[in-house]
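This report refers to the structure that appears directly beneath it.
FYI, it's all coordinate maths here, none of it is from the lab. Here the structure is a predicted model, which is why all the values come from computation and not from measurement. Every residue, glycine as well, gets a Cβ built from its backbone with ideal geometry; the counts of neighbours run over all protein chains shown.
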Amino acid sequence: MTRRLQNRIALITGASRGIGAAVAERFAAEGAHVVLVARTRGGLEDVDDRIRAALDLGTDADSPVTLLELDLTDLDAVDRIGPSIAQRFGKLDIVVGNAGLLGEMSPMHHIDAKVWTDVVDVNLNANWRLIRTTDPLLRQSDAGRAVFVTSGAAHGKRPYWGAYAVTKAALEMMVTCWAAETEKTAIRINLLDPGATRTGMRADAYPGEDPATVKPPEDLADAFVDLCSPSCDRHGDVVRAY
Ligand SMILES: NC(=O)c1ccc[n+]([C@@H]2O[C@H](COP(=O)([O-])OP(=O)(O)OC[C@H]3O[C@@H](n4cnc5c(N)ncnc54)[C@H](OP(=O)(O)O)[C@@H]3O)[C@@H](O)[C@H]2O)c1
């Protein structure tokens, strides 16, 4: 079988569960070394275990997984990601900015200030820091790729979607600007809107919904591989996976 991400170094945020975990597992199966970012050590270790089991790796085998336990609201820590990846691997080929926070579903004027700040930090500011710290490495790659995960909430009228909708709209503009600035390079940068997907965030947003009626995160893995493989020629698009 041809492995489409063979020997690529891929950084994936929000990889302890949900969409990020499914992307991490699929990228490793496609031959990538995955650097997984999240706060929850146990969740990251579970993903690592599943990857090792799927690849049938013994305990002594070199692992294709690096765990980076990090809170993305610690923006200075995000700044250190690029230099530490450069030191450890000497290169970076793929960035998946997937981590996201829903925050409070409530009227604008009722949103708690700390919740507002956390959502803006995780969904927007951390992704800007990620762009800043990884851009030099992606430029050195023969086929640097970046995908940021957006949402339909970025568009239209979204009462009570608060900071989440605001940050996804801003994320789309930020990533579109970066893509326009890198048009003449080998880097390809896109946004992916996964649509309704069976995760903890979806259950929080739609508590009355039967999860069985929503697609599992694994169904999105192909779309991420397409956008991150060296053969991808899309750039500056918002790809809708539905
Ligand atoms: N599920 C859907 O239907 C849907 C639809 C449209 C868009 N999306 C987008 O898809 C992306 C993934 O969402 P999901 O549904 O998979 O959500 P999820 O299951 O809640 O997972 C969110 C991930 O983000 C990480 N994260 C949150 N806050 C963090 C922080 N402060 N520092 C580091 N990591 C943090 C979480 O890890 P820790 O808690 O371990 O830190 C977790 O790995 C998000 O950007 C979301 O907006 C989802």
How compact and how long is segment 92-242, expressed as Rg and Dmax of its alpha-carbon atoms in Å? 15.9, 48
Net charge within 15 Å of GLU183 by Cβ-Cβ distance, Lys/Arg positive one each and Asp/Glu negative one each, not counting GLU183 itself? +1
Run the count for the chain, please: Lys pairs, Cα-Cα under 29 angstrom, 8 or more apart or on different chains. 8
Longest the chain segment clear of GluC sites (Glu not before Pro) sitting in DSSP loops (not H, G, I, E or B) with at most 13 other Cβ atoms within 10 Å runs 1-182
For segment 32-139, inverting the pair-averaged 1/r of distinct alpha-carbon atoms gives a Kirkwood value in Å of 15.6
Measuring from centroid to centroid over Cα atoms, what is the spacing of segment 1-38 and segment 169-242 in Å? 15
Rounded to a whole number, what is D in µm²/s for segment 7-66 from Stokes-Einstein with the Kirkwood radius over alpha-carbon pairs (25 °C, 0.890 mPa s)? 221
Taking 7 Å along the Cα-to-C-beta vector as the label spot, tell me the ARG88-ALA180 distance in nanometres, rounded to one decimal. 3.5
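State whether segment 116-178 is rounded, prolate or oblate according to the following rule on the C-alpha gyration tensor (a ≥ b ≥ c being the square roots of its eigenvalues): a/c under 1.5 gives rounded; otherwise a/b larger than b/c gives prolate, and the remaining case gives oblate. Walk me through the numbers on the way to the answer.
Numbers: a/c = 3.60, a/b = 2.05, b/c = 1.76.
Here segment 116-178 falls in the prolate category.
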